[in-house]
1. Name the helices (runs of 4 or more DSSP H) wholly within region 82-190 that hold at least 2 residues that are touching a Ser or Thr at 6+ places or on another chain (Cβ under 6 Å), over 12 Å from TYR44 (Cβ atoms) and within 16 Å of the ligand (Cβ to nearest atom)?
2. Of all residues in region 134-178, how many are among the charged types (D, E, K, R) and buried (at least 18 other Cβ atoms within 10 Å of the Cβ)?
3. Would you please name the residue that is farthest from the ligand (Cβ to nearest atom), looking only at residues in region 57-81 that are within 20 Å of MET180 (Cα to Cα) and in contact with a Cys (Cβ under 8 Å, 6 or more places away or on another chain)?
4. Have a look at GLU22, GLU26 and point out the one that is surrounded by 13 or more Cβ atoms within 10 Å (Cβ to Cβ), within 16 Å of the ligand (Cβ to nearest atom) and over 18 Å from the mean Cα position of the chain (by Cα).
5. Could you count how many residues in region 40-51 are in a loop (DSSP other than H, G, I, E, B), within 16 Å of the ligand (Cβ to nearest atom) and either of a type in the set (A, V, I, L, M, F, W, C) or surrounded by fewer than 21 Cβ atoms within 10 Å (Cβ to Cβ) (or both)?
Amino acid sequence: MTELCTLWPEDPIPEHLKNCSECGLEKHGTRMIWGEGNPQAPIYILLDNPGAREDRENKPFLCGTRQTLQKAANEVGLTADDLYVTFVLKRRPKKAYDKEETRKICINHFLEQIQLNKPKFIFCLGNVSVQSFFQNTELDVKSLREEWHDMLGYQNTVAYHPLAVRRRPNLWPLFLDDWMFVAKRLDEFK
Ligand code: SF4
């Protein structure tokens, strides 16, 4: 079992997508992150895009998003083996770009990932993730959390983005409730 609160193994980029340039983000110069954790996990977490992975000296470090995410997982008893984390955009944008169009293009890679691995649940963190997965820019976390939704044949629920939780500590109890909601559902399946 992989330890929590540590760097999880990166899922390699599929060979045919290593040089993907479908959305133009390759021009931003950030490396592509396909996902991390266990690709066979029952819970797929969808975030907006990868955060910083390496510091200025190119040493890997755990960004705030991953620290908060792992802390919540830990508190509700989920292990790293239960989780796979991936992104709407597989590269971190560094300058202005057409957000809506870029998300529309890259979310197709996520749809391929879930078609291939068939997770039991999809857990969207943050409004960008929610709106991209549901393909509806009117939706938000606040109105969808604490419920299960059926989307594209997958059971889905949502929570705030870990960075929002770091910035607004009053969201932490809600965040934890949402993680508990997912952990309980997984228990029912075991
Ligand atoms: S962000 Fe997605 S669509 Fe854009 S280059 Fe990377 S993999 Fe391709």
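1. 99-117
2. Residues flagged as among the charged types (D, E, K, R) and buried (at least 18 other Cβ atoms within 10 Å of the Cβ) within region 134-178 amount to 2.
3. ASN74
4. GLU26
5. Total satisfying the criteria: 2.
Bear in mind that the values in this text are calculations on the coordinates, not laboratory data. No experiment lies behind these values; they were computed from the predicted model shown. Reconstructed Cβ throughout: ideal geometry from the backbone, glycine too, with neighbour counts over all protein chains shown.
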